[in-house]
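Contents: one structure, followed by commentary.
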Amino acid sequence: MFLADISICRVKMRLSSSCQIVNRCIFLFFFPIAVVLLDTTSVLGELGWKTYPINGWDAITEMDEHNRPIHTFQVCNVMEPNQNNWLRSNWISRQAAQKIYVELRFTLRDCNSIPWVSGTCKETFNLFYYETDETHGVKFKPVQYTKIDTIAADESFTQMDLGDRILKLNTEVREVGPITKKGFYLAFQDIGACIALVSVRVYYKKCPFTLRNLASFPDTVPRVDSSSLVEVKGACVDHAEERDTPKLFCGADGDWLVPLGRCVCSIGYEEIDGSCMACHPGFYKAYAGSIKCSKCPPHSFSYGEGASVCRCEKGFFRAEKDPPTMACTRPPSPPRNLMFNLNDTCLMLLWSPPSDTGGRRDLTYNVQCKRCGPDPNRCQLCEEELRFLPRHLGLINATVAVTDFAAHANYTFEIESLNGVSDMSTFPRQVAIITVSTDQGGPSLVRALKKDWASPNSIALSWQKPEPATVPVLDYEVKYHEKEHEQLSYSSTRTKAPSVIVSGLKPTTWYVFSVRSRSAAGYSSYSPKYEYETTGDSSDLASDQGQVLVIVTAAIVLIYKMCISSVPFPGVKTYVDPDTYEDPTQAVHEFTKEIDPCRIRIERVIGAGEFGEVCSGRLRTPGKKEIAVAIKTLKGGYVDRQRRDFLREASIMGQFDHPNIIRLEGVVTKMFYVCVFAGRPVMIVVEYMENGSLDSFLRQHDGHFTVIQLVGMLRGIASGMKYLSDMGYVHRDLAARNILVNSNLVCKVSDFGLSRVLEDDPEAAYTTTGGKIPIRWTAPEAISYRKFSSASDAWSYGIVMWEVMSYGERPYWEMSNQDVILSIEEGYRLPAPMGCPVALHQLMLHCWQKERNHRPKFTDVVTFLDKLIRNPSSLLPLVEDIQSLPESPLEEMEYPMFISVGEWLDSIKMSQYKSNFMSAGYNTLDSVATMSIEDVRRIGVDLIGHQRRIVSSVQTLHLQLLHEHEKGFHV
Ligand code: ADE
C-alpha cells in the first residue's frame with residue numbers, strides 16, 4: 001500500500017476541532033500527520049526479522065496481485081505446552097519521535113475451535129521493545145526487552161470461518177514513549193497461540209507545516225506528555241509583517257491548538273486565501289493591516305501592481321496633509337455674484353461661493369484692492385490704506401466690510417477663491433472683479449407701503465417704486481413678524497414687483513412689515529415699519545383638537561405612571577447582602593439557626609478551607625432522624641474580622657432554600673457550657689454531600705456516565721443558578737470545584753461569600769485592576785472592569801458545562817492566564833470535549849458570547865436542557881461526527897444556532913460586506929436566509945465569486961434555520 005519506508009498519511013484526530021461549527025475556536029481543523037518509521041507492507045525485499053527458536057515463528061512471503069510481497073509471520077504451536085517463541089524486528093530509527101505508535105494487524109485462532117488443546121492453547125501474545133543506539137549486531141536477549149502490552153484479538157476465527165474463507169483481521173495500536181535512544185527493536189512473544197501477524201506499522205505524529213493568520217508554522221513534533229503543548233512561533237508569509245507575535249501550540253496528538261497573534265499584509269498587498277497578493281493596477285493599500293486593496297480615489301490612478309498610494313491625474317493634487325484615501329482635488333473656480341453695498345462710511349463686499357470648490361472643503365478667499373486714477377492703466381495696490389473686516393486674506397465667509405476709503409475714488413476689488421491645493425497648481429488664478437466708485441449713491445429706499453386687502457390668512461401689500469436711481473432695482477425683500485412676538489423670529493419673502501401677497505398668516509392677528517430693495521450695489525435700508533391685521537375666522541376647531549390631543553396624551557402618561565408604580569414582582573424573595581447590616585452578627589441571627597454543639601458529632605477531617613478544617617459528622621435534632629453533615633470550622637486564635645468573614649457565608653447560605661443549593665443546617669457561634677468542646681468553637685453546619693466536589697468526582701470517574709446523566713447534573717446546576725439569579729444573587733465563582741455532589745448524583749451550588757470566596761479560591765489570580773479573579777471561569781467584562789452579573793455567571797456556567805463534559809479537564813489546559821485572556825479577546829472559544837453532543841457545545845458557545853446581553857438566562861438554560869432530556873435523540877449528533885462527515889446530511893449544522901449576521905459573514909470570510917448587509921436592513925439571520933442573488937447584488941456585492949459564495953451559504957443557512965425552527969432548537 002505504501003511505496004516508501006517513510007511516507008506521510010493522515011490519521012484520525014482524537015480531539016477534533018469545532019471550527020466547522022464556529023469559525024473562531026480554540027482548536028483548528030488541521031489534521032495531524034503521521035511519519036511512518038516502518039511499514040512491513042511496503043518492504044519489497046526480504047524483511048530479515050529474527051526468530052527464536054528457529055522452529056517458533058515462521059516467516060512467509062507471498063506475492064499480491066501486483067506482484068508485491070506480503071510479509072506474514074505465523075506461529076501455531078497450540079498442542080505443545082510451555083511455548084516461548086520470539087520474533088524480533090530489525091533496528092528501527094526513531095528519527096525525531098519521542099512517542100511512537102505501533103499498529104499491528106493480525107488474525108488469531110479461537111482455542112475453542114481447536115479440539116484437544118485446552119490448557120496449552122493461548123489467545124494472546126506479547127509486544128516488547130528495546131531501545132538502543134546500536135544499529136547492527138545486537139544479540140537478542142529477552143531480558144533487555146520491556147513489555148509494551150499483552151495483545152488480545154477483538155475477533156478470533158474458528159474452523160468454520162476458515163471453511164467459509166472468512167479472515168477476521170484485528171488491528172491494535174499501542175503507544176510507546178518516551179523513546180530517548182537513537183532507535184529500538186520490537187519483539188513479539190508467542191506463548192502458545194495460533195497467530196498470523198499480517199503487518200506491522202510504526203509511526204509517530206507531527207503537527208504538520210501549516211499557514212495560519214498569514215504566518216507559517218513548521219512541522220513540529222509534539223511532546224510525549226499529553227498535557228504539555230509545544231509553543232511554536234510563526235514566520236510571516238511574504239509581504240506580511242507581524243502584529244502580535246503569531247503563535248500556535250502543538251498538542252500531543254499532532255494537532256495545532258490556540259492560534260495567538262497574527263501577521264498582516266504590508267502596504268500594497270492584501271490577503272487572498274492566506275497569502276499576501278499585490279494590489280492590482282487601479283487599486284492601492286496605504287496601510288499594513290487586514291484591510292483590502294481599495295480602488296484608487298477619484299482623480300487618481302495606479303499603473304503598476306502593489307501600489308501603496310495612487311497618483312493624481314493631471315491638474316489634480318493632494319495637499320501635504322491629505323490622506324491617501326482622499327480624492328485628488330484642484331483649485332476652486334472664482335467667486336460668483338460679487339456685489340457691494342455702500343454707505344457713507346462702510347463698503348460691504350458680498351459674493352457667492354464658487355461653482356466648483358475643487359472637491360475640497362477648506363475654501364477661503366483673498367481680497368486684493370487696486371485704486372486707479374483717471375488712467376485705468378495706472379493703478380496702485382491699496383490693501384494697506386483701507387481697513388478690512390475681519391481681514392483681507394484667508395476669509396472664511398463670503399463677505400468683507402471695507403472702511404477708511406477715500407471719497408470720489410475708484411476702487412477695484414479682486415476676490416480670489418483658494419483651497420488647500422491652490423499653491424500646487426501652476427495655472428494662472430481666476431478672480432472675480434468689481435469696481436466701486438465712492439461717488440455713487442446707494443440703492444433706493446422703499447416708501448409708502450400700503451395694505452391692499454386682508455383675509456384670515458393673508459395680507460396683500462404694495463408700495464411705490466423708488467425714485468429712478470443710478471443702479472436699477474433687482475428685487476425687493478419683504479420682512480414681517482407677528483406684532484406680539486417681535487423678538488422671537490421673523491419671516492421674509494422676495495418679489496420682483498413692488499407688491500406682494502403674504503400668506504400663511506394667523507387670523508385676527510397684527511403683523512409688522514418692512515421692505516428693502518436690492519441692486520448691484522447691494523441692499524437699501526429697510527422702509528419704516530407698517531402694521532396690518534388679518535381678518536377673523538369662524539373655525540377654531542384645529543386649536544381645540546390640539547388641546548384634546550394634549551389631554552389624551554397626558555392621560556396615557558398618567559396611566560403608564562400608575563402602572564409602573566405598582567408592585568413589580570409579587571412573591572419573589574430577594575437576597576439581602578449581609579454587608580448592608582451595620583452589625584454583621586445581626587445578619588447571622590436573622591438568616592441562620594444556632595445549633596447546640598453537643599448535638600454535633602465530628603467524625604473525620606475531609607478537607608481544609610481558608611478558615612480551618614472541614615469535617616464530616618452527624619447532627620442530632622430532637623424528634624428527628626440523625627443526619628450526616630459537613631462541618632466547616634474556624635480555627636482557634638481567630639480575630640473578629642475573620643469570625644465575621646467566616647460567618648458571612650452562613651448568612652448568605654441561610655437565605656436560600658432550593659434542592660440545588662447546598663442547605664445550611666445552622667451555625668455554632670455561642671458557648672454552651674455543658675458541652676465538652678474546647679475554646680470558643682465557631683462552625684457552619686451544612687448537609688453532607690457524599691461525592692464531594694464535582695471536579696474531583698468527575699476526574700475519578702472519567703467516562704463512567706451516560707450523556708443523559710451528565711446533562712442531568714448540568715440541569716441541576718442550572719436550576720440552582722436560576723434560583724440564585726431570581727433572588728438577585730451573583731455567585732462570581734461558579735466552577736465545578738464549587739459544586740458538591742451527593743450519593744444520588746444531585747449537584748448543588750456551594751461556596752458563597754462574594755469577595756471572600758475569591759480570596760479562598762486557589763484558582764483566583766490578581767488582575768491588572770487589582771482584583772482576585774478565577775480567570776478561566778470568568779467573563780471578559782468581569783475580568784476587565786469587574787462587571788459581575790448573572791450574565792457573567794452564565795459565562796462561568798458554560799465553563800462548568802465544559803468541565804463536566806470533559807470529566808474534569810482543566811479549562812484551557814495549561815495555557816497561562818494571560819494567553820487565556822488574549823485568546824478569548826481574539827474570539828477563540830473552547831472546543832467541544834470528546835464525545836460532546838453538538839447541542840451542548842452550542843449552548844456553551846451561547847454562554848460565551850462576548851456581548852453579555854446575548855448570553856442565555858438561566859431559565860432558558862433549564863428549559864433547553866429539559867428539552868434535551870425529554871428528547872434524547874437530540875443528543876446523538878456529536879461534534880466529532882459532524883467534523884468527520886463533512887458531506888453528511890447534517891451538513892446544515894455547519895453554522896451555529898446562535899450567530900449574528902456579522903459572525904456568519906466572518907465564518908464565510910465575507911466580513912468586508914458587513915456594512916452592506918446592515919445598511920440594507922439585513923440584520924437577522926432569518927432575513928438573510930431568504931436573499932436571492934439579485935438581493936446580494938443590489939446591496940453592493942459586485943464580485944461574481946463573492947456573490948456565489950454568499951448565495952450558496954445563504955441556501956445552507958436557510959435549510960438550517962428551517963431545521964432549527966422545526967425542532968424549536970433555539971434557547
Ligand atoms: N466538602 C465541603 N463541603 C462538603 C459537604 N457539604 N459535603 C461533603 N464534602 C464537603
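Can you compute 3J(HN,Hα) from phi for each residue in the range 843-859, using the Karplus curve 6.51 cos²θ - 1.76 cosθ + 1.60 with θ = phi - 60°, rounded to whole Hz and x for Gly and Pro?
5, 4, 4, 5, 5, 9, 6, 4, 6, 5, 6, 7, 6, x, 7, 4, 5
I need two numbers for the range 53-179: Rg to one decimal and Dmax as a whole number, Cα atoms only, in Å.
16.7, 49
Please list 3J(HN,Hα) in residue order for the range 171-187, calculated via the Karplus relation 6.51 cos²θ - 1.76 cosθ + 1.60 where θ = phi - 60°; whole Hz, with x for glycine and proline.
10, 10, 10, 10, 9, 10, x, x, 9, 10, 6, 5, x, 7, 10, 9, 9
Size of the dipole of the range 230-323 about the Cα centre, Lys and Arg at +1 and Asp and Glu at -1 on the beta carbon, nothing else charged, in debye to 20?
In debye, rounded to 20, the range 230-323 gives about 520.
Express the carbon and sulfur contribution to the solvent-accessible surface of the range 105-200 as a percent, rounded to the nearest whole number, probe 1.4 angstrom. Walk me through the numbers on the way to the answer.
Working: 2530 of 5000 Å².
Roughly 50 percent, rounded to a whole number.
Between SER425 and ASN84, with labels modelled 7 Å along Cα→Cβ, what's the label distance in nm to one decimal, could you check?
10.5
Quick check: convex hull over the Cα atoms of the range 333-412, volume per residue in Å³, rounded to an integer?
Working: hull volume 7.9 nm³, N = 80.
Hull volume normalised by residue count: 98 Å³.
Run down the aspartates and glutamates and flag those whose C-alpha is under 17 Å from the C-alpha of LYS451, throwing out any fewer than 8 positions away in its chain.
LYS451 reaches GLU477, GLU482, GLU531, GLU533.
Over the range 323-446, give the accessible area per residue in Å² for a 1.4 Å probe, as an integer.
Numbers: 6700 Å² over 124 residues.
Here the residues of the range 323-446 average 54 Å² of exposed surface.
Contour minus end-to-end for ASP238 and GLU582, with contour as 0.36 nm per residue of separation and end-to-end as the Cα-Cα distance?
Working: separation 344, 0.36 × 344 = 123.84 nm, distance 6.66 nm.
Length gained, ASP238 through GLU582: 117.2 nm.
Which of the lysines could be linked to LYS295 by a straight reach, that is with a Cα gap under 22 Å, when you skip same-chain ones fewer than 8 residues away?
LYS285, LYS314, LYS321, LYS909, LYS914
Using a 1.4 Å probe on the protein heavy atoms, what percent of the accessible area of the range 682-754 belongs to carbon and sulfur? Please report the intermediate quantities before stating the final value.
Numbers: 1060 of 2290 Å².
Solvent-exposed carbon and sulfur of the range 682-754 make up 46 percent of the total.
Which of rounded, prolate or oblate describes the range 232-370 when judged by the alpha-carbon gyration tensor and an a/c cut-off of 1.5?
prolate
How much accessible area does ARG618 have with a 1.4 Å probe, in Å² rounded to the nearest 10?
Accessible area of ARG618: about 70 Å².
Quick one: divide the alpha-carbon radius of gyration of the range 587-688 by 2.2 N^0.38 Å and tell me what you get. Could the numbers behind the result be given before it?
Details: Rg = 12.8 Å, N = 102, 2.2 N^0.38 = 12.8 Å.
Normalised Cα radius of gyration, the range 587-688: 1.01.
Taking N as the number of residues in the range 824-867, what is its Cα Rg relative to 2.2 N^0.38 Å? Numbers along the way, then the final one.
Details: Rg = 11.3 Å, N = 44, 2.2 N^0.38 = 9.3 Å.
Working it through for the range 824-867, the quotient is 1.22.
As a quick test, which of the pairs LYS247/LYS772; LYS147/LYS206; LYS99/LYS147; LYS632/LYS670 have an alpha carbon distance above 20 angstrom in this structure?
Values: LYS247/LYS772 28 Å; LYS147/LYS206 25 Å; LYS99/LYS147 15 Å; LYS632/LYS670 15 Å.
Checking Cα-Cα distances, LYS247/LYS772; LYS147/LYS206 exceed 20 Å.
Give the lysines reachable from LYS50 as a straight Cα distance under 16 Å; neighbours fewer than 8 places away on the same chain don't count.
The qualifying lysines are LYS139, LYS141.
Rolling a 1.4 Å sphere over the protein heavy atoms, what is the accessible area per residue of the range 55-123, to the nearest Å²?
Working: 3580 Å² over 69 residues.
Accessible area per residue, the range 55-123: 52 Å².
Using alpha-carbon positions, what is the distance between the centroids of the range 269-296 and the range 323-348, in Å?
Spelled out, the Cα-based centre of one part sits 40 Å from the other.
Give me the number: length gained by fully extending ASP657 to ARG938, i.e. 0.36 nm times residue separation minus the C-alpha to C-alpha distance, one decimal in nm. Walk me through the intermediate numbers first.
Working: separation 281, 0.36 × 281 = 101.16 nm, distance 5.82 nm.
Extra length available between ASP657 and ARG938 comes to 95.3 nm.
Loop-only chymotrypsin sites (Phe, Trp or Tyr not before Pro) in the range 761-841, please: DSSP not H, G, I, E or B, and at most 13 other Cβ atoms within 10 Å.
Numbers: sites: TYR766, TRP777, TYR785, PHE788, TRP795, TYR797, TRP802, TYR807, TYR812, TRP813, TYR828; in loops: PHE788, TYR807, TYR812, TRP813, TYR828.
Sites meeting the loop and neighbour criteria: none at all.
How high is the FRET efficiency between ALA96 and SER784 when r is their beta carbon distance and R₀ equals 51 Å, given to the nearest 0.05?
The pair ALA96/SER784 has a calculated efficiency of 0.75.
The values are calculated or read from the model by the stated rules, or taken from the named source; none is laboratory data. Here the structure is a predicted model, which is why all the values come from computation and not from measurement. Note that we place each Cβ from the backbone using ideal geometry, even for glycine, and neighbour counts take in every protein chain shown. Note: areas computed on protein heavy atoms with side chains; ligands, DNA, RNA excluded. Shrake-Rupley method; radii C 1.70, N 1.55, O 1.52, S 1.80 Å.
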